[in-house]
Protein chains: 2
Amino acid sequence: MSKHLVRHLKMQSFTEENYLKTIYHLSENNEGAVQTNAIAEKMQTKAASVTDMLRKLSEKELINYKKYQGAHLTPLGKQTAINVIRKHRLWEVFLVEKLNFKWDEVHDIAEELEHINSPELVERLDEFLAFPKNDPHGDPIPDKNGNFDFVPFIKLSKLKKDDKGLIMGVSEHSSAFLKHLEKLGLTLGKPLTVSAINDFDGSVEIIVDDKKTSVTREIAKHILIRI
Amino acid sequence: MSKHLVRHLKMQSFTEENYLKTIYHLSENNEGAVQTNAIAEKMQTKAASVTDMLRKLSEKELINYKKYQGAHLTPLGKQTAINVIRKHRLWEVFLVEKLNFKWDEVHDIAEELEHINSPELVERLDEFLAFPKNDPHGDPIPDKNGNFDFVPFIKLSKLKKDDKGLIMGVSEHSSAFLKHLEKLGLTLGKPLTVSAINDFDGSVEIIVDDKKTSVTREIAKHILIRI
DNA sequence: TTAATTTTTTAGATTTGTCTAAACATTTAG
DNA sequence: CTAAATGTTTAGACAAATCTAAAAAATTAA
Ligand SMILES: [Mn+2]
Ligand SMILES: [Mn+2]
Ligand SMILES: [Mn+2]
Ligand SMILES: [Mn+2]
């Protein structure tokens, strides 16, 4: 890391921050330790590289790690990860609300902006945006102490025929996925009704804006619903 | 450079961008080739490191460089440097105008933001800010084609007794310097009159807002005036 | 125009983050 | 319960950006 990017006191490199964030996201769902291969896959890197980094993060007391046993974030590691996520989501709100980007265009830019290191900047950005609670994809934005409401949305793929609900979020941020939803009229806040579930491939037929559409089971897994 | 920060087509690292920017600024004033030691001093690094980087930038055709002869930006290198400067200055305007930072607080944050790689983001930011012509320190903001008016301001240190003028810029961005000016009431746009020049140490006595103050010759060199 | 001084480059290390190939450990299946 | 498959770590290398110390070139001064 170049000296021109010297960070605050606890100097985490972009790379370290990305590892911490990935470990955080992987431990959100399943409870146990986060495995080397899972991290390697998410970060599009090799298991050997992950092992190296896990040792380093462990050295810095950002994770608990023992050989062959996977990783857990320490409180310090968790705080760091949540702070990066806070910044990511605030910048996404900025890009959509102030610069008129679409929700499918902001993720990659936020991946860069999330590493800008200025606590003051984050707090002022939060204020400028009027302390938003959710990002453009429905994800909750942690406050400056790292607290946020855990809202247990249900995957569209779990709904039954005739269930009704509101689209509250997505669990996949790729532009391709979001553009596809947009084309189908599936945007945040939209009410929908499940009109049928296809026995053969699990695809879900829904009614949105009085129009009938259908999404594959894979897509339905990434659409989050509040009933 | 980590793969998570893979940039656009012409992949310049933060470090390369900072070198190009420094070479650009050093060639703004004196015309000839930019010397190794001058770069080393501005970047707070060692001459040996500079030599390594000059060879690399030359390899990439961003500068013209021959051993012992110093460096010149190529058109491509100049364009890259100006684009980084454009981003730096636009972000400074954002920080001051939208997030209410003071002019002495924004430089370091902009040093990080200037490396965010998204042409679309820059254009939308420019529009959001209503296409500002100057940054909070009076420096001109290049347009998206890299063009900007060269405005030949005069250093306060060059003025004579009884000369009048407007403060149009500063050529030093450190927080300490800017805070000092602020304390003396020397902010952008302020009219001033030179009431005396001290023979002994060259310090400049001025009248601003009907009050008399005095700045050292060193400080006067960094205050830019339009008569 | 030789000598002293300044400037620049080279040589050789170091740190960070990455990789491949091979070894080792753990889990799963027969 | 052994054997195969899967998952993880080690060993050794590499590229980027940096450093120190020493050599070489260019400039300035005597
Ligand atoms: Mn995102
Ligand atoms: Mn998001
Ligand atoms: Mn600045
Ligand atoms: Mn500025």
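The values are calculated or read from the model by the stated rules, or taken from the named source; none is laboratory data. From a predicted model like this one, the values you see are computed outputs, not experimental measurements. We place every Cβ from the backbone using ideal geometry, glycine too, and count neighbours over all the protein chains shown.
This table checks each residue for (1) within 21 Å of residue B:99 (Cα to Cα); (2) out of contact with any helix residue (DSSP H, G or I) (no Cβ under 8 Å at 6 or more places or on another chain); (3) touching a residue at least 40 places away in the same chain (Cβ under 8 Å); (4) surrounded by 14 or more Cβ atoms within 10 Å (Cβ to Cβ).
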{"position": "B:137", "(1), (2), (3), (4)": "yes, no, yes, yes"}
{"position": "B:141", "(1), (2), (3), (4)": "yes, no, yes, yes"}
{"position": "B:177", "(1), (2), (3), (4)": "no, no, yes, yes"}
{"position": "B:203", "(1), (2), (3), (4)": "no, no, no, yes"}
{"position": "B:214", "(1), (2), (3), (4)": "no, yes, no, yes"}
> Out of all the residues in region B:81-96, is one or more more than 14 Å from ligand 4 (Cβ to nearest atom), surrounded by fewer than 18 Cβ atoms within 10 Å (Cβ to Cβ), under 19 Å from the mean Cα position of the chain (by Cα) and more than 14 Å from chain A (Cβ to nearest Cβ)?
Replying inline: no
>> Step by step: first the residues of region A:112-121, then only those that are more than 7 Å from every other protein chain (Cβ to nearest Cβ) and in contact (Cβ under 8 Å) with a residue 12 or more places away in the chain, then the one that is farthest from residue A:17 (Cα to Cα). Which residue is that?
In response: A:119
>> If I filter region B:148-175 down to residues being more than 22 Å from residue B:196 (Cα to Cα) and in contact with a helix residue (DSSP H, G or I) (Cβ under 9 Å, 6 or more places away or on another chain), which single residue comes out as nearest to ligand 4 (Cβ to nearest atom)?
In response: B:173
> Residue check: is residue B:146 crowded, with 16+ Cβ neighbours inside 10 Å and outside the structural domain of residue B:216 (by TED's automatic domain parsing)?
Replying inline: no
>> As an exercise: evaluate residue A:68 against (1) crowded, with 18+ Cβ neighbours inside 10 Å; (2) more than 14 Å from chain B (Cβ to nearest Cβ) and give the number of the one condition it does not meet.
In response: (1)
> Which strands (runs of 3 or more DSSP E) sit wholly inside region A:130-225 and have at least 2 residues that are among the hydroxyl-bearing types (Ser, Thr, Tyr)?
Replying inline: A:191-197, A:211-215
>> Restricting to region A:18-52, and then to whatever is surrounded by 14 or more Cβ atoms within 10 Å (Cβ to Cβ) and more than 25 Å from residue A:171 (Cβ to Cβ), can you tell me which residue is farthest from ligand 1 (Cβ to nearest atom)?
In response: A:51
> Taking residue A:124 and the conditions (1) within 14 Å of chain B (Cβ to nearest Cβ); (2) part of a loop (DSSP other than H, G, I, E, B); (3) surrounded by 15 or more Cβ atoms within 10 Å (Cβ to Cβ); (4) not aromatic (Phe, Trp, Tyr), which numbered condition does it fall short on, given that it satisfies the others?
Replying inline: (2)
